[in-house]
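So the structure is just underneath, and the comments pick up after that.
The values are calculated or read from the model by the stated rules, or taken from the named source; none is laboratory data. These numbers were taken from a predicted model, which means no experiment stands behind them. Cβ sites come from the backbone with ideal geometry, for glycine too, and all protein chains shown count toward neighbours. Ligands, DNA and RNA are stripped out before the accessible areas are found, and what is left, the full protein with its side chains, is counted by its heavy atoms. Shrake-Rupley method; radii C 1.70, N 1.55, O 1.52, S 1.80 Å.
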Amino acid sequence: MAKRLSGRLIVVSNRLPYYKDADSAGKPTWKRSPGGLVTALEPIIREINGLWVGWDGVFLKHDHSAKSEIRSASHLGIPGTRKDYKLLPISLTRKEIEKYYSQFSNNTLWGLFHYFFEKSSIDYSSWEIYKKVNEKFALSISKVAGEKDYIWINDFHLLLCPFFLRRINPKYKIHFYLHIPFPHVDIFSTLPWGRELLDSLACCDSLGFQHPQYMKNYQGVVQELGAGRKPDRLSGKPAEDTKPFTYVNPISIDFDKFDKTSRKVRVKKRKKELIKQNNYLKMILGVDRLDYSKGIKQKLLGIEKLLDTCPELAGEFCFYQLAIPSRESVAAYRSLKKDIDELVGRINGKFSTGTWHPIQYMYTSVPFDELIAFYSAADIALITPLRDGMNLVCKEFVASHSDNDGVLVLSRFAGASMDLKNSLAVNPYSIEDICKALREALAMPGAERKRKMERMRENVRTNDINVWFDKILSVFEYTEKEGESHV
Ligand code: GDG
């Protein structure tokens with residue numbers, strides 16, 4: 001697919017799709033990085049033998065100047081990779097990870113961009129290190145990138161990278177895709193460094209968003225605060241020319257992979273086991289990184305309300321929440337984990353009988369086939385983030401239901417709600433709403449479930465990850481042509 005581009009595609013993200021770790025015996029090993037960005041992008045970049053730049057999970061003992069050594073994924077010993085699939089590892093010090101990643105990216109920016117003021121702290125020293133690490137990425141990239149290459153930066157950890165790259169070479173082709181929401185101007189303008197972020201985004205040739213509202217928010221910010229400016233001394237261009245081409249392109253999944261996996265004999269067998277293990281009760285499923293933006297506490301309270309208001313449902317269903325450990329070095333995440341542990345204990349304590357517990361809570365990640373077995377065994381998926389750029393889990397649930405059955409309860413504030421109109425839409429802040437939707441989902445007749453699921457499957461099938469990536473490539477081509485016509 002990327003063959004149609006005239007240069008090489010260089011994907012840049014905070015982490016490489018694999019990171020170095022140790023197995024239980026202390027032997028060094030590569031593990032797959034968690035989260036939606038890697039799930040979505042890795043199969044594509046692997047397929048086209050792209051070059052991926054990111055942190056490799058290694059802590060440097062001392063701060064070195066940026067090293068740039070492209071390595072073949074297979075030579076690094078990453079299982080199942082070919083030698084043409086290339087990685088450019090960026091190593092960072094423990095302090096850099098603490099300040100740039102845990103503090104500034106995952107605390108200040110993540111909180112603010114997901115509309116959580118109270119979780120977003122303002123810390124000047126973290127900002128300084130965020131700048132420094134973004135510059136480090138840019139320097140490493142500049143050592144391997146040519147003017148014909150397409151430098152495609154992904155996500156909020158690297159918002160300043162376009163600025164540093166543009167400063168190094170005004171002719172680079174720089175594109176940016178934001179996987180998370182972009183906040184309204186009232187929220188964005190509270191950030192003391194908003195100006196610098198806008199200046200950097202102005203250095204991009206294109207800027208992609210998950211949802212029309214996020215693009216509108218960015219445009220609103222630009223309208224009120226002014227478009228960012230490329231450093232004049234470098235471009236010599238007037239400010240009007242520095243606006244990036246903005247577009248909306250909702251990310252998706254590899255529908256066929258989920259659909260096919262759900263039809264595998266092994267997965268079907270496991271699905272049956274899970275159903276049996278659940279005593280053939282209705283299974284409600286939640287799958288989320290353990291993150292406050294995912295609304296896990298509110299879901300649990302919704303389950304409690306359901307049992308309080310409909311006691312006849314006790315013993316009729318079980319809620320499985322799979323919570324994937326995430327960002328454990330950030331205080332807000334540790335405290336959330338504690339709250340959830342307590343809430344699960346309290347609700348189970350309140351309603352459990354000798355033979356039945358309403359909540360099965362698993363704080364772990366599971367292998368891919370096991371995840372698909374869970375998706376396909378579940379009667380209802382309860383996916384109610386308080387705010388989410390897109391949310392891939394709900395699309396994966398739909399793609400894994402090759403039996404055309406199952407109900408999706410979905411937050412209005414997930415980007416995916418725009419596409420999945422046949423879900424039951426809820427306000428995730430309203431416990432009452434969650435409870436009502438669960439009642440409706442549990443009582444929904446088979447024919448209605450089938451009709452809704454078929455429509456959702458058709459939507460995800462026809463708007464899969466290949467359609468998304470194809471649009472990205474079209475944008476690269478389009479902006480290039482536009483650029484040429486201005487010369
Ligand atoms: C960010 C944005 C946007 C989860 N548990 C297991 C597992 N997963 C995989 C899922 C899914 C991914 O993790 C989570 O993706 P999401 O999209 O739901 O959420 P974020 O990680 O927050 O992703 C989000 C995304 O980027 C892409 O642009 O949609 O809005 O926040 O793919 O399958 N995978 C395995 N075992 C698990 O236990 N194997």
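Worth pointing out:
- Of the residues making up segment 453-463, those that are buried (at least 21 other Cβ atoms within 10 Å of the Cβ) and either in contact with a Ser or Thr (Cβ under 8 Å, 6 or more places away or on another chain) or of a type in the set (Ser, Thr, Tyr) (or both) are 456, 460.
- Restricting segment 395-430 to residues that are crowded, with 24+ Cβ neighbours inside 10 Å and of a type in the set (S, T, N, Q) leaves a set whose member that is farthest from the ligand (Cβ to nearest atom) is 423.
- Qualifying residue in segment 299-306 (condition: assigned by TED's automatic domain parsing to the domain that holds residue 412 and in contact with a strand residue (DSSP E or B) (Cβ under 6 Å, 6 or more places away or on another chain)): yes
- Boolean, residue 155 is under 20 Å from the mean Cα position of the chain (by Cα) and touching a residue at least 40 places away in the same chain (Cβ under 8 Å): yes
- Some residue of segment 12-35 being of a type in the set (Lys, Arg), within 15 Å of the chain's Cα centre (by Cα) and under 27 Å from residue 396 (Cα atoms): yes
- Pairing each residue of segment 390-415 that is without any contact (Cβ under 8 Å) to a residue 24 or more places away in the chain with any residue that is open to solvent by 20 Å² or more (accessible area, probe 1.4 Å) and more than 9 Å from the ligand (Cβ to nearest atom), provided the two are 6+ apart or on different chains, yields C-beta distances under 8 Å for 412/425; 412/427.
- Strands (runs of 3 or more DSSP E) lying entirely in segment 279-392 (those with 2 or more residues that are closer than 25 Å to residue 446 by Cβ): 282-289, 317-324, 380-383
- Scanning segment 376-389 for residues that are crowded, with 24+ Cβ neighbours inside 10 Å and either free of Cβ contacts under 8 Å to residues at least 12 places away in the same chain or not aliphatic (A, V, I, L, M) (or both) returns 376, 384, 385, 388, 389.
- Residue in segment 9-31 that is open to solvent by 30 Å² or more (accessible area, probe 1.4 Å), modelled with pLDDT of 90 or more and not in a strand (DSSP E or B) present: no
- Test result for residue 470, of a type in the set (D, E, K, R) and touching a Ser or Thr at 6+ places or on another chain (Cβ under 6 Å): no
- Qualifying positions in segment 315-334 - under 23 Å from residue 277 (Cα atoms) and either open to solvent by less than 40 Å² (accessible area, probe 1.4 Å) or of a type in the set (Ser, Thr, Tyr) (or both): 315, 317, 318, 319, 320, 321, 322, 323, 324
Matching residues to (1) closer than 28 Å to residue 47 by Cα; (2) hydrophobic (A, V, I, L, M, F, W, C); (3) crowded, with 22+ Cβ neighbours inside 10 Å:
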| site | (1), (2), (3) |
| --- | --- |
| 77 | yes, no, no |
| 89 | yes, no, yes |
| 104 | no, yes, yes |
| 113 | no, yes, yes |
| 116 | no, yes, no |
| 126 | no, no, no |
| 144 | yes, yes, no |
| 149 | yes, no, no |
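- Sole exception among (1) open to solvent by 10 Å² or more (accessible area, probe 1.4 Å); (2) within 14 Å of the ligand (Cβ to nearest atom) for residue 433, by number: (2)
- Any chance residue 350 is within 16 Å of the ligand (Cβ to nearest atom), farther than 18 Å from residue 274 by Cβ and out of contact with any Gly (no Cβ under 8 Å at 6 or more places or on another chain): no
- Of all residues in segment 286-314 being open to solvent by less than 30 Å² (accessible area, probe 1.4 Å) and more than 16 Å from residue 426 (Cα to Cα), the one that is farthest from the ligand (Cβ to nearest atom): 310
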